[in-house]
Amino acid sequence: MESLKNVKLGDILVNSNALTPSQLESALQEQRQSGMRLGEILIKNGWLSENQLIEALSTQLHIPQVSISRYRPEPEALRLIPQVMAERLKVIPMRITDEDHLMVATSDPLNLVAADELRMMSGKEVDFGLCPGSQILRDLSRIYTMQESLDVAEVEVVSSSTEGIELDLGQAISTAAADDAPVINLVNTILEQAVKDRSSDIHIEPFEKDTQVRYRVDGQLFNATNFSRGLHPAVTSRIKIMANIDISEKRKPQDGRILIKLMDRRVDLRVSTLPTVYGEKTVIRVLDQTNAMVGLEKLGFEQQDRDKIDRLLKVPYGIILVTGPTGSGKSTTLYSFLERINTPDVNIVTVEDPVEYSIAGINQVQVSEKAGRTFSSVLRAILRQDPDKIMIGEIRDSETANLAIRAALTGHLVLSTLHTNDAPSAPIRLGDMGVPPFLVASSVVSVIAQRLVRRLCPDCKMEYTVEDHLCRSLGLPEGSKAYRSRGCDTCRGTGHVGRTSIFEIMEMNEEIRNRIIDQETAVSIKKAAIEKGMRTLREAALARVLDGTTTVEEMLNVTTL
């Protein structure tokens with residue numbers, strides 16, 4: 001409490017430029033009239049965010065900040081405090097720091113009554129960690145629900161073993177346990193929480209002592225929970241049953257699909273299993289149409305780029321390629337293009353693996369190797385279906401590449417993706433697949449390379465002056481401003497919330513076509529494209545750095561010179 005006498009909260013906020021002196025004076029006057037706490041008044045009036053208040057309180061009271069999202073509360077700590085009490089006191093037990101101390105997340109560290117109750121219930125001394133109240137209320141139910149599902153499921157599995165012996169991964173209890181309600185509830189909780197957290201992938205990974213569940217959010221993996229190794233076979237079998245996968249086959253990789261409805265949303269889950277040393281690893285791709293960024297405006301296309309795309313999509317025939325590594329958003333960009341050209345007078349047919357999003361008015365075909373529906377066989381059939389526009393999910397081999405070229409040269413607009421690092425490398429890649437250079441030059445209309453960059457968290461980003469040496473290396477004027485973030489609970493301590501796209505659009509012209517026909521290098525093609533006004537991925541990313549969308553570090557991570 002001595003720190004309260006030494007430094008006032010209002011002075012800390014003013015000195016850190018989080019608050020103006022006039023705002024502080026107005027808040028103090030309202031406090032004298034209403035009796036409310038200063039922090040509550042500042043947040044109510046919109047002068048301060050919760051995260052700014054927590055940071056100031058941490059400085060004033062010398063109490064550390066804790067991130068509920070980034071650091072998972074320990075099961076042993078959660079078991080000490082009942083959920084009903086945690087909800088009433090608005091706290092979350094985080095961890096047992098030693099035999100006699102319990103770390104608890106709270107937004108009100110001066111609540112001595114709460115501290116006494118927690119001490120009596122846990123039998124331990126209570127150390128508070130600061131966390132925004134809204135984050136505690138948001139995550140409290142999820143954390144306790146997940147832990148309850150784990151506790152019940154693990155008790156079920158242990159009780160089914162003989163004489164309490166640790167279950168081996170190869171034991172045949174998996175099928176029986178998968179039918180038990182506790183395991184079903186645990187799997188449902190894992191899936192539901194992944195959707196609520198906007199996860200793109202769920203990783204369920206067996207290791208020597210336990211199984212780790214990780215979610216990929218905004219391109220970054222974070223640990224969601226862990227459970228005992230003995231429970232892993234039951235969880236894997238349950239997921240296999242849901243995905244219509246052979247539960248008796250554990251030696252080969254398998255794929256399946258799950259459709260769920262959650263909060264009136266239809267979510268498509270693509271399941272992949274892979275045998276590892278300690279059991280089968282399961283990765284689930286989450287395809288949530290509600291969160292899909294379909295649409296040129298949502299993707300991050302700037303107005304000048306949207307004008308280019310609109311012009312390109314009006315060409316009667318040819319190929320438009322979207323390139324980039326796996327997970328760079330190529331399919332979403334293609335869906336945005338389809339949405340743009342989808343009109344009643346146009347027959348659009350797609351061949352995809354998988355069909356990620358359903359679009360009304362478009363004939364979408366799912367590839368199935370087992371049924372003989374390969375990209376090439378379906379593409380041949382599509383050409384007999386009187387199409388105007390064709391979308392090929394990915395050009396993977398020589399046969400598909402040559403069929404796509406043939407479709408483009410016979411009067412169809414073809415949209416597809418290709419794995420290359422930048423736009424100028426696409427013609428070289430098609431040549432490697434056996435497509436003659438003169439056919440590439442005559443059929444390709446444009447190549448669009450793209451990447452995804454993480455957006456800075458709006459709650460904790462702050463402006464700074466870029467170092468002089470970095471300005472010189474990036475070609476910026478000295479003293480240029482950029483942004484970085486401190487990390488807060490809103491962004492799980494990562495400093496980023498969501499992602500946006502950056503693009504490199506290479507429109508074909510006579511000079512570029514001649515260089516392709518002459519089989520010149522990607523460097524030579526890139527030089528010609530830049531001379532004609534192409535903005536590179538690095539330049540597009542740099543523009544996003546300067547407007548405060550992302551960081552210099554993120555730009556350097558996803559682009560090259």
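Worth pointing out:
- Simple spin-label estimate for residue 220 and residue 79 in nanometres, 7 Å along Cα-Cβ: 3.2 nm
- Between helix 537-546 and the chain: long-axis angle, C-alpha atoms, 0 to 90°, nearest 10: 30 degrees
- Normalised by residue count, the chain yields a Cα convex hull volume of 197 Å³ per residue.
- With at most 10 neighbouring Cβ atoms within 10 Å, loop GluC sites (Glu not before Pro) (DSSP) excluded, longest segment of the chain: 370-561
- Value of Rg to Rh for the range 438-561, rounded to two decimals, is 1.10; Kirkwood radius and Rg both from alpha-carbon coordinates.
- Potential extension, residue 317-residue 228 segment - 0.36 nm per residue separation minus Cα distance: 26.4 nm
- Residues of the range 523-561 with amide N under 18 Å of a point placed 7 Å along Cα→Cβ from residue 463: 543-552
- DSSP-defined antiparallel bridges as percent of all bridges, the range 1-131, nearest 5: 45 percent
- Looking at the chain, the accessible area is 47 square angstrom per residue; that uses a 1.4 Å probe and ignores ligands, DNA and RNA.
- Considering only Cα atoms, the convex hull volume of the range 63-138 works out to 81 Å³ per residue.
- Taking the square roots of five times each eigenvalue of the Cα gyration tensor of the range 399-441, the equivalent ellipsoid has semi-axes of 17, 12, 9 Å, listed largest first.
- Cα-based reach from residue 526 at 22 Å (exclusive), listing lysines while leaving out same-chain residues under 8 positions away: 308, 330
- Cross-link partners for residue 261 among the lysines, with Cα-Cα distance under 25 Å and sequence neighbours closer than 8 places in the same chain left out: 196, 240, 281, 298.
- Solvent-accessible area, 1.4 Å probe, carbon plus sulfur percent, for the range 41-100: 49 percent
- Spin-label pair residue 277-residue 340: with each label point 7 Å from Cα along the Cα-Cβ axis, the two points sit 4.9 nm from one another.
- Helix 181-196 axis, angle to the chain major axis (alpha carbon atoms, nearest 10°): 70 degrees
- Treating r as the C-beta distance of residue 409 and residue 208 and R0 as 60 Å, the FRET efficiency rounds to 0.60.
- For trypsin sites (Lys or Arg not before Pro), the sites in the range 298-389 that DSSP calls loop and that have at most 15 other Cβ atoms within 10 Å are 314, 370, 384.
- The distance between label points at residue 472 and residue 151 comes to 6.1 nm (points 7 Å beyond Cα on the Cα→Cβ vector).
- Per DSSP, loop chymotrypsin sites (Phe, Trp or Tyr not before Pro) in the range 58-154 with at most 12 further Cβ within 10 Å: none
- For a straight C-alpha distance cut-off of 18 angstrom, the aspartates and glutamates reachable from residue 124 (same-chain residues fewer than eight places away being disregarded) are 74, 76, 98, 99, 100, 116.
- Per-atom-type breakdown for the range 441-521 gives carbon and sulfur 44% of the accessible area (1.4 Å probe, protein chains only).
- Taking Cβ separations below 4.7 Å as the criterion for a possible disulfide partner, the isolated cysteines in the chain are 131, 471.
- Residues in the range 323-358 that a label on residue 259 would reach, taking backbone N under 12 Å of a point 7 Å out along Cα→Cβ: 358
- Counting Lys and Arg as +1 and Asp and Glu as -1 over every other residue whose Cβ lies under 13 Å from the Cβ of residue 414, the net charge comes to 0.
- Principal-axis analysis of the Cα atoms of the chain puts helix 232-242 at an angle of about 50° to the longest axis.
The values are calculated or read from the model by the stated rules, or taken from the named source; none is laboratory data. Here the structure is a predicted model, which is why all the values come from computation and not from measurement. Because the Cβ atoms are built from the backbone with ideal geometry, glycine has one as well, and the counts that use them run over all protein chains shown. Please note that ligands, DNA and RNA were not included when accessible areas were found on the heavy atoms of the full protein model with its side chains. Shrake-Rupley method; radii C 1.70, N 1.55, O 1.52, S 1.80 Å.
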